[in-house]
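The values are calculated or read from the model by the stated rules, or taken from the named source; none is laboratory data. Remember, it's a predicted structure, so these values are computed and weren't measured experimentally. Methodologically, a virtual Cβ is constructed for each residue, glycine included, from the backbone with ideal geometry; neighbour enumeration extends over all protein chains shown.
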């Protein structure tokens, strides 16, 4: 029997143990998997692009008149990670939009007195409020159609135009009393709501008759004065200097007679016009057809009276 050397006697068990351990491991564990490359961080350019896009949207919406959406987009470009130049512009734009964006305060009242709270509010066909809050509501500038809906009183509509810079402008509607129709129907002798009340106007003396009558009286008084004054002067000169009177003294006498003749014509035309207007006003026809009268003096004496009406 051959005897092994001492060094080999100690190494043999160790070598056998290593061979057994290596043979017992699975095949896929013998090689380490390759290392996965690390994911790169999000570049700063994407953040800058988002800030610029928000700024452009805010500007575009404002130019298009969409102040509410522009005001909502402005804060996105004023974040600390955005470019400082864009942040300054966005803050300036946001402050300007806060000043210019109109705000409305909605109110609903009862016809019999008091306020209503449980009222839904629609703007341009879309519901914007579930009830009256009393707080300002931002809207875009321009005309808007509002509808107020109350469960027991129905629907009331109104159109209002929001102006740039308007703040807390009140838009209010009044709902009719739902019990008013029932009370009217229960009252004996009350007229039906569907039939209007017809009021027959009682005829009287129209104002134009008084005006023309007064003008006739004034004209008659003027004609009388100048007629008597001219006649007095005529008799005086006829007894003192006729037929050798100075023409300069005779001309004023002729003027007085001319004025008297014109005044007589105006007086007669005024009295005739007053009578015509009175009878036309009381003829029982269309009350919406007024009569118009005018008096024009004629050169050389007299006057022209005109009365116009519709039958």
Response to the item:
Considering residues that are in contact with a strand residue (DSSP E or B) (Cβ under 7 Å, 6 or more places away or on another chain) and buried (at least 20 other Cβ atoms within 10 Å of the Cβ), the number found within the range 89-107 is 4
Fill in: Verdict on residue 257 being within 29 Å of residue 212 (Cβ to Cβ) and either modelled with pLDDT under 85 or surrounded by fewer than 15 Cβ atoms within 10 Å (Cβ to Cβ) (or both)
no
Discussion item. Restricting to the range 65-88, and then to whatever is surrounded by 17 or more Cβ atoms within 10 Å (Cβ to Cβ) and more than 27 Å from the chain's Cα centre (by Cα), can you tell me which residue is farthest from residue 161 (Cα to Cα)?
Written reply: 82
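Listed here are the residues, each with its yes/no results for (1) surrounded by 12 or more Cβ atoms within 10 Å (Cβ to Cβ); (2) in the same structural domain as residue 213 (by TED's automatic domain parsing); (3) modelled with pLDDT of 80 or more; (4) farther than 25 Å from residue 224 by Cβ.
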residue: 241; (1), (2), (3), (4): yes, yes, yes, yes
residue: 264; (1), (2), (3), (4): yes, yes, yes, no
residue: 268; (1), (2), (3), (4): yes, yes, yes, no
residue: 272; (1), (2), (3), (4): yes, yes, yes, no
residue: 282; (1), (2), (3), (4): yes, yes, no, yes
residue: 286; (1), (2), (3), (4): no, yes, no, yes
residue: 298; (1), (2), (3), (4): yes, yes, no, no
Worksheet item: Can you tell me how many residues in the range 134-165 are in contact with a strand residue (DSSP E or B) (Cβ under 9 Å, 6 or more places away or on another chain) and within 19 Å of residue 72 (Cβ to Cβ)?
Response: 10
Item to complete: Select from the range 172-225 the residues that are part of a loop (DSSP other than H, G, I, E, B) and within 29 Å of residue 146 (Cβ to Cβ) and write down the one among them that is modelled with the highest pLDDT.
Response: 176
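I'd like to know if the range 59-76 contains one or more residues that are at pLDDT below 85 and in a helix (DSSP H, G or I). Write out each step before concluding.
Start the filter on the range 59-76 by keeping residues that are at pLDDT below 85, which leaves none.
No: the range 59-76 contains no residue that is at pLDDT below 85 and in a helix (DSSP H, G or I).
I'm checking my understanding of the structure. Among residues of the range 109-163 that are outside any strand (DSSP E or B) and within 30 Å of residue 63 (Cβ to Cβ), which one is nearest to the chain's Cα centre (by Cα)? It would help to see each step written out before you state the result.
First, the residues of the range 109-163 that are outside any strand (DSSP E or B): 111-114, 116-119, 124-125, 130-136, 139-141, 151-153, 163.
Next cut, within 30 Å of residue 63 (Cβ to Cβ) only: 124-125, 135-136, 139-141, 163.
On the way: 124: 15, 125: 18, 135: 21, 136: 18, 139: 14, 140: 14, 141: 11, 163: 9 Å.
By that ranking, first place goes to 163.
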